[in-house]
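Presented below is the structure to which this report refers.
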Amino acid sequence: MRALFSAAVLAGFVIAVQAHAQTAPPTVSVSFGIDTTLTDVGDVVRLVRAYLANPDSSARSRGLWSTATDFDRRVGDLTMQAYQGFPATVVGVASDGPGDTVYVVRILYASADSTRRISPLALQRLYAVRESGAPFGFRLAGALPRLTREWEQRTKGRVTFWYAPGQHPNPAKISHASSFVDSVATLFQVPPPKHLDMYLARSMEEAQRAIGLDFFPAASADRGRGGGAMSAGIVLVGNPAIGEGYVHELVHAILGPTFPTRNRLSAEGLATWLGGSRGRTPRETYARLRQIQTARPALTLGQVLSNDIPDAAAEEMTDAFYATGALVVDAVYRRAGITGLRTLAQLNNDPKVLLNALPTQLGLSGSDQSALDRWWRNEAARKSSVR
């Protein structure tokens, strides 16, 4: 059970998580408080059961997911990380207001062991909208446009910025983020996104609630102040101190659909190389890596790639991994340009495969791992001192 939770937290909200880890449909039960003898409630529960049997984009063609709005046609379900095989319990089906055309549906994903200890993964919120011709009289729809309809918004260039109550626009950061989108697309010679939406909240918990996850495990390393790139050009920001300047996640949103990567080192390395990480500039991430290396003289690159730094906190491992990725990306780009980065992006995600392939990618002679470790330490020292 602990491994499942760790995988969910480490995956975060990067684009790759949209290919959810579910291998079989969850069992679906109904809470004792839900009266399925009521016609609408019974229809909604049957709809949920049908959807959870195969919660993917085919739900539109099967008539289970609404296509009545541009958002639901274009985006669909943003809560895919909830589908990891945990048993599902429908814990709420309630009218969203006067009338009987829209219902709020809440689903708890949790398991219990023999001692009845409950381990929750997610509390999901979907909406069931009455639509003519729907197989169950209703179709499901996403939470985001309903929960953010009152949020302040600003648009510049290709990006619309949405502000949770209490958050305020920063014109300088808006301008930087807008121009950053085009500059990244130009550098990588890929089509720029037609449009991006950045949602700025007080915390990742608030941002998660906006997409329909009333509860989901938060990565301790983020301290509730992280961010994430979702499908369909949606970026979540839960760190008000960074706000519109959270361009690390913009990199994921820009390159995810056009510059596919098979390994996390490349994906996070690209985003950190261009946009820094956790409010640090790229150079500051290198300096942080150098601190970690200095404090741990025996630390190896292989341990960092495996997220297996002895006695290290999750935050320290993440900082080391992201900065290492950026170092590798920078070196490959200087040696072989965008073509080299495309090759790097296609390497297998297995740490052992990466370790064996990196010397060639970096232009190092032989495949001696000690030589690779020396390069890694020397490069961190050099890059952290360059201004």
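The values are calculated or read from the model by the stated rules, or taken from the named source; none is laboratory data. Being a predicted model, the structure only gives us computed values, none of them experimental. All Cβ positions, glycine included, derive from the backbone under ideal geometry; neighbour counts span all protein chains shown. SASA here: full protein model, heavy atoms, side chains in, ligands and nucleic acids out. Shrake-Rupley method; radii C 1.70, N 1.55, O 1.52, S 1.80 Å.
Results, tabulated for the structure shown:
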read-out: Size of charge dipole - the chain - debye, nearest 20, with Cβ of Lys, Arg +1 and Asp, Glu -1, no other charges; value: 840 debye
read-out: Bins of 5 Å, starting at 0 and running to the largest distance - Cα pair percent for region 110-197; value: 3, 10, 13, 11, 11, 12, 13, 11, 9, 5, 2, 0
read-out: Within the chain, percent of DSSP bridges classed antiparallel, to nearest 5; value: 70 percent
read-out: Rounded accessible area per residue of region 27-151, 1.4 Å, Å²; value: 46 Å²
read-out: Other-chain or far-sequence residues with amide H under 5 Å of Val30's (modelled H); value: Val90
read-out: Distance histogram in 5 Å bins (all Cα pairs of region 179-268, percent per bin); value: 3, 14, 23, 23, 19, 12, 5, 1
read-out: Accessible surface, per residue, of region 229-387 when the full set of protein chains is kept, probe 1.4 Å, Å²; value: 40 Å²
read-out: For region 187-213 versus region 242-298, the gap between their alpha-carbon centres in whole angstrom; value: 17 Å
read-out: Cut-off 12 Å between beta-carbons: net charge of the residues surrounding Ala122, Lys and Arg +1, Asp and Glu -1; value: +2
read-out: Helical contribution to [θ] at 222 nm, DSSP H n ≥ 4, -39,500 (n - 2.57), averaged over the chain, rounded to 500; value: -13000 deg cm²/dmol
read-out: Euclidean distance of C-alpha centroids, region 153-183 and region 331-360, integer Å; value: 33 Å
read-out: Degrees between helix 2-11 axis and first principal axis of the chain (Cα, 0 to 90, nearest 10); value: 70 degrees
read-out: Rounded D (µm²/s) - region 23-119, Kirkwood Rh over Cα pairs, Stokes-Einstein at 10 °C, 1.306 mPa s; value: 108 µm²/s
read-out: Relative packing of peptides 283-295, 204-216, 165-177, 371-383 - highest average C-beta neighbours within 10 Å first; value: 204-216, 283-295, 371-383, 165-177
read-out: Amide H partners (placed H, <5 Å) of Trp65, local residues excluded; value: Arg60, Leu140
read-out: Segments 321-329, 239-247, 92-100 sorted - mean Cβ within 10 Å per residue, highest first; value: 321-329, 239-247, 92-100
read-out: Selection from Ser231, Trp273, Val247, by position along the positive dipole direction of region 142-301 (Cβ); value: Trp273
read-out: Backbone HN-Hα couplings from phi across region 87-92 [Karplus 6.51/-1.76/1.60, Hz, Gly and Pro as x]; value: x, 10, 10, 6, 9, x
read-out: Accessible carbon and sulfur surface of the chain relative to its total accessible area, %, 1.4 Å; value: 53 percent
